[in-house]
């Protein structure tokens with residue numbers, strides 16, 4: 001029969017499991033809001049839209065770009081969430097050491113990539129191939145219809161799947177886990193889906209309050225080292241939480 005002395009450690013482990021899961025979700029949101037490809041394309045797109053069209057039309061095009069990004073995020077996350085639920089059939093958590101080590105290895109690899117390879121050397125250009133970057137630049141420059149803006153926003157989001165898809169899957173598992181502990185998983189899901197649009201809304205606001213592309217590029221240069229640190233450190237912390245607290 002368990003003694004009174006045996007209860008606190010059990011309670012401690014329970015709380016740490018929940019806090020580890022919540023920490024992973026919050027860090028994933030931080031990463032999603034710190035990635036630079038989609039904001040960079042949106043800044044270019046908004047610059048050219050304001051130069052070619054009226055402020056009202058440029059505003060509408062910007063909103064369609066954001067909508068394309070948002071719908072892509074929602075589809076990717078909800079697909080990951082339902083896939084995880086199907087694979088684990090509503091189990092409290094997938095108690096599988098292979099999954100833990102695989103998730104740990106992926107997040108460590110992504111942390112290293114963010115520290116050393118996310119940005120090109122001596123530049124704020126990202127890891128995208130030059131052909132892909134040129135194609136996105138061309139579409140950002142020539143998009144002139146709401147459908148063009150919507151598709152550009154959706155495709156821009158796909159370009160960072162290397163960094164976001166593992167997060168969608170890991171976060172889905174954590175939210176599924178916290179659902180069994182009666183935490184507001186629906187609120188976390190909605191917030192997680194909305195977070196990638198926050199940088200875009202910030203750029204949208206700045207462009208419509210007399211800021212321009214030069215201001216954005218100066219801020220990007222200034223924040224490059226900080227963003228790289230945030231991305232790498234966040235992935236590393238997620239890896240540590242996964243390994244030491246078996247959050248997955």
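Any read-out appearing in this document is the output of simple, stated calculations on the displayed coordinates, not a laboratory observation. Computed from a predicted structure; not experimentally measured. When we count neighbours, we look across all protein chains shown, and the Cβ atoms used for this are built from the backbone with ideal geometry, even at glycine.
Structural remarks
- With both labels modelled 7 Å from their Cα along Cα-to-Cβ, the residue 67 to residue 145 distance reads 1.4 nm.
- If the segment from residue 138 to residue 162 were pulled out straight at 0.36 nm per residue, it would be longer than the present Cα-Cα gap by 6.4 nm.
- Hydrodynamic radius (Kirkwood) for region 195-243, which is based on Cα pairs only, to one decimal in Å: 12.7 Å
- In terms of its C-alpha gyration tensor, region 16-77 comes out prolate, because a/c is 1.5 or above and the ratio a/b outweighs b/c.
- Spin-label pair residue 52-residue 194: with each label point 7 Å from Cα along the Cα-Cβ axis, the two points sit 3.2 nm from one another.
- Within the chain, the percentage of alpha carbon pairs spaced more than 31 angstrom apart rounds to 30%.
- Here 53, 205 are placed in order of increasing Cβ neighbour count within 10 Å, fewest first, which gives 205, 53.
- Cα long-axis angle, helix 55-88 against the chain (0 to 90 degrees, to the nearest 10): 20 degrees
- Acute angle (nearest 10 degrees) that the helix 146-158 long axis makes with the longest principal axis of the chain, alpha-carbon atoms: 40 degrees
- Nearest 10 degrees, 0 to 90: helix 161-179 Cα axis against the chain principal axis: 40 degrees
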